[in-house]
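J.: Handing you this structure, nothing more for now.
The values are calculated or read from the model by the stated rules, or taken from the named source; none is laboratory data. On a predicted model such as this, the values are computed, not experimentally measured, just so you know. Glycine also receives a Cβ, built like all others from the backbone with ideal geometry; neighbour counts cover every protein chain displayed.
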Amino acid sequence: MTRTPVILVTGIDAAAMDSATVGLQFDLPQAAVMRHTLDVPNQVLTRRVSDLSGLVEAEQMDLDHACVGCALREDIVPTLERLAASGRWGAIIAHLPVSAEALQVCRVVAMDRHVAPHVRISAVVHALDGTQAQRDLLGDDLLVERGVHTSEEDTRGLAETHCALVEYAAAIVAVGELTEPDADLVRALARPDADLVHDASALDPHALTGDLHQHHRTERWVDVVQRGQLPVLESEHVWRLDLRTTRPLHPGRLLDGIESLGGGPRRSRGCFWLPTRPGTICAWEGAGGQLSIGPASPWGRSTPLTRIVVTGVDDERDALEEAFRAALLSDSETTDRGLYWEVAHDGLEPWLGTISRAA
């Protein structure tokens, strides 16, 4: 069965996404462009399909709940499959709704080949506004404050969303001037093999329709639990801390120091474990002073690990290391209480849920 290559375009800036999409379309004249936009207040999803001959189709759909999950289920993936199965185009460029994550589409396609058997995700391209890259990656705006949220319930931080999109992409197009410090920041967050270009025309069309996106490799890069070595960061503008230990964090001191650990103009992600919840991988995801923590999955037979990778541009690196050390279980606590505590509460229930069973 022939599978049509699909290039997913993501971003948090509509103008940058449009510029990248147009550039890709001219470099891939045999491709169709599928563009989805969400009108959250009116709960309307708009789909437009075009190629170099002009508009092929346009449709508006009412959604019960205007969110990316609904759009994926009701139209994006089904339309990708319909266009690919037609055999009319050699590739499809899918301009996703602004701030929507490509990983949702990639996982749906990869997990069940019956959902879209004619579709092959060949590349994920992220478009950003180079003139304000650092502000968008490390600032404290919310998506809703920029009008790029995906539902009325979407309370995500813009920086956290933007960083995650950069990290998932195989190629990044910076529209507008990108300074050297900002370019270093983007490279520090992106996959080591990701392309960073200033115009979509600089991307290799053959690579875009080849195997630039390799699902399992990409999933490993964004996985909550990272055990491998990090790529070397060579920059005088950006620093990276690999806060790594086999020790758990003390729940009380974590709460006391969480503002120091998760705040500031930094990107942080990883995992941690607690003596009060020894069987649970706790996910850590933060950017621009906003932090999300929550239960990910059980450790199972894996050795628990606390590892938070922090990328920053401020001068608080030493203070961050000190705050991390202060949150760890001490030698005396490990000796006196061990690594597994039987408690009913640990103060982290609002984020991690109730403690289901004693350790």
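J.: Restricting attention to the stretch 160-171, which residues are within 23 Å of Gly289 (Cβ to Cβ) and either more than 10 Å from the chain's Cα centre (by Cα) or assigned by TED's automatic domain parsing to the domain that holds Glu285 (or both)? Can you show your working first?
T.: As a first pass, look at the stretch 160-171 and keep what is within 23 Å of Gly289 (Cβ to Cβ): 160-168.
Once the filter is applied, which keeps residues that are within 23 Å of Gly289 (Cβ to Cβ) and either more than 10 Å from the chain's Cα centre (by Cα) or assigned by TED's automatic domain parsing to the domain that holds Glu285 (or both), the stretch 160-171 yields nothing.
J.: Sort out for me the strands (runs of 3 or more DSSP E) sitting completely within the stretch 171-278 that have 1 or more residues that are β-branched (Val, Ile, Thr).
T.: Values: elements: 171-175, 195-197, 239-245, 266-274.
Those strands (runs of 3 or more DSSP E) span 171-175, 195-197, 239-245.
J.: So in the stretch 62-99, with the set limited to residues that are assigned to a loop (DSSP other than H, G, I, E, B) and more than 24 Å from the chain's Cα centre (by Cα), which one is modelled with the lowest pLDDT? Outline the logic, then answer.
T.: Step one: list which residues in the stretch 62-99 are assigned to a loop (DSSP other than H, G, I, E, B), which gives 63-67, 87-90, 96-99.
Pick out the ones that are also more than 24 Å from the chain's Cα centre (by Cα) and you get 63-64, 87-90.
Numbers: Leu63: 76, Asp64: 69, Gly87: 95, Arg88: 96, Trp89: 97, Gly90: 97.
Within the stretch 62-99, the match that is modelled with the lowest pLDDT is Asp64.
J.: Same structure, new question: Name the one entry in Val105, Val144, Val109, Val119 that is closer than 24 Å to Gln43 by Cα and in contact with a strand residue (DSSP E or B) (Cβ under 9 Å, 6 or more places away or on another chain).
T.: Details: Val144 fails: in contact with a strand residue (DSSP E or B) (Cβ under 9 Å, 6 or more places away or on another chain); Val109 fails: closer than 24 Å to Gln43 by Cα; Val119 fails: closer than 24 Å to Gln43 by Cα.
Step by step, each of Val105, Val144, Val109, Val119 is checked, and only Val105 is closer than 24 Å to Gln43 by Cα and in contact with a strand residue (DSSP E or B) (Cβ under 9 Å, 6 or more places away or on another chain).
J.: Hey, another quick one. Name the residue that is nearest to His162 (Cα to Cα), counting only residues in the stretch 61-79 that are among the hydrophobic types (A, V, I, L, M, F, W, C) and in contact with a helix residue (DSSP H, G or I) (Cβ under 8 Å, 6 or more places away or on another chain). Step through it out loud before you land on a result.
T.: Here is the first cut: in the stretch 61-79, the residues among the hydrophobic types (A, V, I, L, M, F, W, C) are 61, 63, 66-68, 70-72, 76-77.
Narrowing the set further to residues that are in contact with a helix residue (DSSP H, G or I) (Cβ under 8 Å, 6 or more places away or on another chain) leaves 61, 63, 68, 72, 76-77.
Numbers: Met61: 27, Leu63: 25, Val68: 16, Leu72: 19, Ile76: 21, Val77: 22 Å.
Only one residue fits best here, namely Val68.
J.: Which of (1) at pLDDT 95 or above; (2) farther than 29 Å from Thr245 by Cα; (3) crowded, with 22+ Cβ neighbours inside 10 Å is the odd one out, the single condition His162 does not satisfy?
T.: Here His162 clears every test but (2).
Quick grid of which residues meet (1) surrounded by 14 or more Cβ atoms within 10 Å (Cβ to Cβ); (2) over 28 Å from Arg120 (Cα atoms); (3) modelled with pLDDT of 95 or more:
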{"residue": "Asp199", "(1), (2), (3)": "no, no, no"}
{"residue": "Ala202", "(1), (2), (3)": "no, no, no"}
{"residue": "Leu208", "(1), (2), (3)": "yes, no, yes"}
{"residue": "Asp242", "(1), (2), (3)": "no, yes, yes"}
{"residue": "Thr245", "(1), (2), (3)": "yes, yes, yes"}
{"residue": "Leu249", "(1), (2), (3)": "yes, yes, yes"}
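J.: So, one more: Among Arg266, Arg277, which is the only one that is within 23 Å of Glu167 (Cβ to Cβ) and either surrounded by 16 or more Cβ atoms within 10 Å (Cβ to Cβ) or of a type in the set (Asp, Glu) (or both)?
T.: Details: Arg277 fails: within 23 Å of Glu167 (Cβ to Cβ).
The match here is Arg266.
J.: Same structure, new question: Looking only at residues that are surrounded by fewer than 18 Cβ atoms within 10 Å (Cβ to Cβ) and within 25 Å of the chain's Cα centre (by Cα) in the stretch 32-47, which one is farthest from His149 (Cα to Cα)?
T.: Arg47
J.: For the stretch 93-120, give me each residue that is touching an Asp or Glu at 6+ places or on another chain (Cβ under 6 Å) and β-branched (Val, Ile, Thr).
T.: Hit for the stretch 93-120 is Val119, nothing else.
J.: Still on this structure, I have one more. Tally time: how many residues in the stretch 110-131 are part of a helix (DSSP H, G or I) and in contact (Cβ under 8 Å) with a residue 12 or more places away in the chain?
T.: 3
J.: Could you say whether any residue in the stretch 231-238 is under 21 Å from the mean Cα position of the chain (by Cα) and under 24 Å from Ala323 (Cβ atoms)?
T.: Within the stretch 231-238, one or more residues are under 21 Å from the mean Cα position of the chain (by Cα) and under 24 Å from Ala323 (Cβ atoms).
J.: For the stretch 340-358, enumerate the residues that are crowded, with 16+ Cβ neighbours inside 10 Å and under 20 Å from Leu305 (Cβ atoms).
T.: Scanning the stretch 340-358 gives Trp341, Asp346, Leu348, Leu352.
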